[in-house]
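K.L.:
The structure follows.
The values are calculated or read from the model by the stated rules, or taken from the named source; none is laboratory data. On a predicted model such as this, the values are computed, not experimentally measured, just so you know. Neighbour counts are summed over all protein chains in view; Cβ atoms, including those assigned to glycine, are modelled from backbone coordinates with ideal geometry.
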Amino acid sequence: MRRAALVAMLAISVAIPAASQPKREDPLQAEQRKLQQTQKQLKEERERAAAARARETSLLAELEDIDRRLAAKQRDVARLEAQIKRAQADVQLFRGEISKLERHRAGQMQALAGRLRVMYRVHAQGGALPVILSGDDPVTRAVAVRHLASLAALDARLIQEYRVTSERLADRKGREEAQQRELASLHEEAKQEQAEVDREAAKRRTLLAKVRDERAYHERMVGELTEASHRLEAFIRELQAKQRKLAKVPPPKGGIEPPAVGFGTLKGRLPWPTEGRIVTGFGAQVHPRFGTRTFRNGVDIEAAVGRDVSAVHAGHVIYTGWFKGYGNLIIVDHGNEYYTLYAHVAEIEAKEGEDVRQGQRIGTVGDTGSLAGPRLYFEVRYQGKPQDPEQWLRQGG
């Protein structure tokens with residue numbers, strides 16, 4: 001019994017050290033475990049970054065929302081101003097009619113006063129009956145009766161005309177007062193809408209100030225504008241493919257020189273799309289403050305808001321509408337793979353699908369989608385590739 005207990009104790013003493021020793025991990029398994037942990041961390045970082053980007057509003061989208069609201073409010077203000085002008089014209093019209101009616105009624109009152117004085121004298125002399133019975137001659141009495149009847153009819157007509165004039169005068173005064181109330185209401189509504197315009201404009205200025213003055217905002221905007229430029233490139237390729245399909249023309253082979261026909265003969269002789277000066281040229285650009293590098297596919301022509309934007313050559317309008325990063329955009333196909341683009345337009349006047357002639361007004365200068373105020377962004381493209389517009393435009397504007 002004692003011997004069996006001793007054997008058991010020895011077995012336990014041997015087993016305990018063996019169990020307490022940690023098992024050595026395979027190096028390959030350790031590396032795999034580290035790799036899995038790293039991949040997990042990277043995945044979590046990507047998810048956090050994606051969530052942050054999702055929460056972060058696109059600057060171009062924010063600018064677009066502001067521009068759209070601003071344009072809508074400006075249209076409301078313009079509509080109200082037009083209504084105010086019409087209401088003011090109506091008020092002036094009513095006042096003119098009221099003045100004319102008051103003069104007319106004053107004349108009628110004088111005529112009625114004269115008739116009343118005559119009637120008073122007749123009644124003072126015993127009335128009309130003695131006049132009728134004053135003679136024995138039936139013809140004389142008949143003439144007197146007709147005369148008195150005629151005077152009575154005249155009096156009735158004068159009274160009726162006076163009543164009609166008074167009613168018309170009361171109507172015009174009522175309508176003038178109603179129009180004045182409408183005018184006051186329109187003024188108040190226009191004031192409120194203008195306040196909304198001012199608020200949206202202030203938001204726009206704040207956003208653009210951040211883009212101008214803060215590196216983080218500036219770099220974000222540069223990235224978004226570069227993406228917008230790539231989207232426009234792809235969009236133009238789609239439009240080209242559609243135009244070629246409609247014209248049943250095969251895609252051109254690379255390296256072909258632009259044809260010297262139609263639009264191609266006008267290099268250096270194109271009229272300017274608007275009156276102004278080029279403030280940002282074609283090609284590579286380096287920001288003077290932040291040093292960011294970008295490439296401009298067109299030029300910015302600084303011009304006053306509302307100035308005409310004209311087609312530089314006859315062509316077919318293949319796109320009109322809002323394009324992110326460019327605001328209101330117009331694209332004109334001039335044939336032979338030549339296209340011109342007009343962006344930051346305030347009001348688009350050309351219609352998609354219509355033909356336009358050289359010099360035809362297709363819109364007005366604005367600042368939709370612009371980061372630097374009113375200007376026209378202008379591109380010339382051949383086979384989808386951007387050309388330097390300055391080489392195409394007439395010297396001297």
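K.L.:
Between Gly373, Gly321, which is in the same structural domain as Gly283 (by TED's automatic domain parsing) and either closer than 20 Å to Glu275 by Cα or over 24 Å from the mean Cα position of the chain (by Cα) (or both)?
P.N.:
Gly373
K.L.:
Exposed (fewer than 12 other Cβ atoms within 10 Å of the Cβ), farther than 21 Å from Phe94 by Cβ, of a type outside the set (Val, Ile, Thr) and not assigned by TED's automatic domain parsing to the domain that holds Phe295 - does that describe any residue in the range 162-177?
P.N.:
No, every residue in the range 162-177 fails to be exposed (fewer than 12 other Cβ atoms within 10 Å of the Cβ), farther than 21 Å from Phe94 by Cβ, of a type outside the set (Val, Ile, Thr) and not assigned by TED's automatic domain parsing to the domain that holds Phe295.
K.L.:
Related question: Contact list please: Cβ distance under 6 Å, first residue in the range 229-247 and in a helix (DSSP H, G or I), second residue at pLDDT 95 or above, pairs at least six apart or on different chains.
P.N.:
Filtered contacts from the range 229-247: Leu239/Ile318; Gln243/Asp333.
K.L.:
Considering only the range 31-53, I want to know if a residue exists there that is of a type in the set (Asp, Glu), surrounded by fewer than 11 Cβ atoms within 10 Å (Cβ to Cβ), under 30 Å from Ala195 (Cβ atoms) and at pLDDT below 90.
P.N.:
no
Matching residues to (1) under 28 Å from Arg69 (Cβ atoms); (2) surrounded by 20 or more Cβ atoms within 10 Å (Cβ to Cβ):
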{"position": "Val286", "(1), (2)": "no, no"}
{"position": "Phe290", "(1), (2)": "no, no"}
{"position": "Val305", "(1), (2)": "yes, no"}
{"position": "Gly327", "(1), (2)": "yes, yes"}
{"position": "Tyr342", "(1), (2)": "yes, yes"}
{"position": "Glu352", "(1), (2)": "yes, no"}
{"position": "Gln358", "(1), (2)": "no, no"}
{"position": "Ile362", "(1), (2)": "yes, yes"}
{"position": "Pro389", "(1), (2)": "no, yes"}
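K.L.:
Could you count how many residues in the range 296-343 are in contact with a Pro (Cβ under 7 Å, 6 or more places away or on another chain) and of a type in the set (S, T, N, Q)?
P.N.:
3
K.L.:
Follow-up. Does the range 71-79 contain at least one residue that is loosely packed, with under 15 Cβ neighbours inside 10 Å, modelled with pLDDT under 95 and farther than 13 Å from Glu193 by Cβ?
P.N.:
No, the range 71-79 contains no residue that is loosely packed, with under 15 Cβ neighbours inside 10 Å, modelled with pLDDT under 95 and farther than 13 Å from Glu193 by Cβ.
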